[in-house]
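> Following this message is one structure expressed as structure tokens.
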Amino acid sequence: MVPDVASAGLRVLFCGINPGLWSAATGHHFARPGNRFWPVLHAAGFTPRRLEPWEESELLSLGLGITNVVERASARADELSGQEYREGARTLERKVRRWRPSWLAVVGVTAYRTAFEERRARIGPQERTIGGTRIWVLPNPSGLNAHWSLQEMAEEYGRLRHAADQPRQAPGEAAGPGD
């Protein structure tokens, strides 16, 4: 198990699918050298410099955190069962209700679709919320995800960063002009 990096009131809680074997061995999120999470986070403007996995606790001072849908480590996400995803989603919902981040950012559209049984979900902001927390689905930064370049991922993560930089609205509050 890789411990959560989280606290109450975060701007964004990033949610990986599950720890890879390398992450489980090191105890740090997105630790495999080929994973693009840390470079993308910096390129999108979330961090002032590229952090290394062992510096993940520095995210808290930036209003960011990390958790996973499924705690069990595996070599590949396709080794997880649908049941594990759905059970993980229920646990994740409890965490989100406790920590109350402005945004939950799930990295991996297939994982989001399976965990939350939202078959038509696409990359970007979602209709679903958890309490007052909005959800954004991001491309999976794994080196195995060849569909997205580093630049394309940075642009999508940057869209979330822009949204997260906006003042937090109370649940049910209407967005103003230009929102």
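The values are calculated or read from the model by the stated rules, or taken from the named source; none is laboratory data. Computed from a predicted model, the values in this text were never measured in an experiment. Cβ: placed from backbone, ideal geometry, glycine included. Neighbour counts: every protein chain shown. What goes into the accessible areas is simple: the full protein's heavy atoms, side chains included, and nothing from ligands, DNA or RNA. Shrake-Rupley method; radii C 1.70, N 1.55, O 1.52, S 1.80 Å.
> Can you run down the residue pairs with Cβ atoms below 9 Å, 6 or more apart or on separate chains, where the first is in the range 81-109 and closer than 21 Å to residue 158 by Cα and the partner is modelled with pLDDT under 95 and part of a helix (DSSP H, G or I)?
So the pair list comes out as 108/77.
> Quick check on the range 102-109. Is at least one of its residues at pLDDT below 95 and buried (at least 22 other Cβ atoms within 10 Å of the Cβ)?
yes
> Kindly indicate whether any position in the range 147-159 is open to solvent by 70 Å² or more (accessible area, probe 1.4 Å), part of a loop (DSSP other than H, G, I, E, B), touching a residue at least 40 places away in the same chain (Cβ under 8 Å) and aliphatic (A, V, I, L, M).
No, because not a single residue in the range 147-159 is open to solvent by 70 Å² or more (accessible area, probe 1.4 Å), part of a loop (DSSP other than H, G, I, E, B), touching a residue at least 40 places away in the same chain (Cβ under 8 Å) and aliphatic (A, V, I, L, M).
> Of these, 122, 134, which one is part of a strand (DSSP E or B), on the phi < 0 side of the Ramachandran plot and open to solvent by 10 Å² or more (accessible area, probe 1.4 Å)?
134
> Determine whether residue 63 is surrounded by fewer than 16 Cβ atoms within 10 Å (Cβ to Cβ) and either in contact with a Lys or Arg (Cβ under 6 Å, 6 or more places away or on another chain) or at pLDDT below 95 (or both). If you could, list the steps in order and put the result at the bottom.
Details: surrounded by fewer than 16 Cβ atoms within 10 Å (Cβ to Cβ): no; either in contact with a Lys or Arg (Cβ under 6 Å, 6 or more places away or on another chain) or at pLDDT below 95 (or both): yes.
Answer is no for this residue.
> Continuing with the same structure: Quick one: in the range 1-55, of everything that is free of Cβ contacts under 8 Å to residues at least 24 places away in the same chain and within 23 Å of residue 167 (Cα to Cα), which residue is surrounded by the fewest Cβ atoms within 10 Å (Cβ to Cβ)?
Here the answer is 48.
> Look through 71, 58, 87, 93 and report the one residue that is of a type in the set (D, E, K, R) and either assigned to a loop (DSSP other than H, G, I, E, B) or surrounded by 21 or more Cβ atoms within 10 Å (Cβ to Cβ) (or both).
71
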